[in-house]
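Take a look at the structure below.
Read-outs: derived from the displayed coordinates by stated rules, not from any lab. Quick caveat, the model's predicted, so the values are computed rather than measured. Please note: Cβ atoms are built from the backbone with ideal geometry, for glycine as well, and neighbour counts cover all protein chains shown.
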Amino acid sequence: MFPKDLSECGYSDGIPYWDWTRDAGSVSDFKNSPIFDPDTGFGGTGYPEGDNSTASCVENGPYAGLQVNFPEPHCLRRSFNLTSQMPGNWSSSVVKKIMDYPDYISFWNNSERIPHDNIHRAVGGDLRRQYSPNEPLFFVHHAQVDRMWTLWQGRNKTRLSDYGGNTVQNVTVDTASLDDTMKYMGLAEDRPVESLMDTLSNGLCYKYE
């Protein structure tokens, strides 16, 4: 859906992703990342700072003043929330360790819980909520997660069918299967998971470097 929507908006370059390993040196490196530049990036943290329901409206960059509608109308919120150790969770060394896991379950658990989850927490605001797609950064963040998975798959062709885990977060009863249906809630045609495992087949046509 993301590449298709970009194409429909006239964007013809490769899929944009946020390589947050470049912003992992320190809290300062993260806050001063080019991705938060108000002129060439997504804008910075919200004002006044404070990750709650009444603060942290983004006031600079292309999304300054953006109003989102879910779960109720409000300004796009962003509130950086980092400890000094936090950037290490998305460092090159951590990503390398995750990429070296030989099986999908280990790769998935560690990529989701370490870099993925901590980026959501670090940016704060809407990105930290269950309605995180309100935040435009959601898409370049998840493109990086998708990139990690695609590169991990590329190390061994058998990984194109390596899949499992649970179908509901924090619930271990239902085991995920390639036969499961990916439901798009009317935004696109529902598809079997198996048809989405390879980014170069079944109507998908993209790869990462």
If one builds a Gaussian network model of the chain from Cα atoms under 10 Å apart, the most fluctuating residue listed among D103, D179, D23 is D179
For G46, other-chain or 5+-apart residues with amide H closer than 5 Å (H placed, Pro excluded) are R78, S79, F80
The chain, Gaussian network, Cα under 10 Å: of Q85, Q67, Q169, the residue fluctuating most is Q169
Under the helix-only model (-39500 (n - 2.57) for each DSSP H run of 4 or more, divided by the residues of the chain), the mean residue ellipticity at 222 nm, to 500 deg cm²/dmol, is -7000 deg cm²/dmol
Counting sequence-distant residues (5 or more places) and residues on other chains, those with an amide H built under 5 Å from that of M182 are R191, V193
Cross-link reach from K4 to lysines, straight Cα distance under 20 Å and at least 8 residues apart if same chain, gives K183, K207
The relative contact order of the chain, taking Cα pairs under 8 Å that sit 6 or more residues apart, comes to a percentage of 16
Computed over the Cα atoms of the stretch 2-196, the Rg and Dmax in Å are 17.6, 49
Highest GNM mean-square fluctuation among N89, N81, N156, for the chain with Cα springs under 10 Å, belongs to N156
For F139, the net charge from surrounding residues (Cβ-Cβ under 11 Å; K, R +1; D, E -1) works out to -3
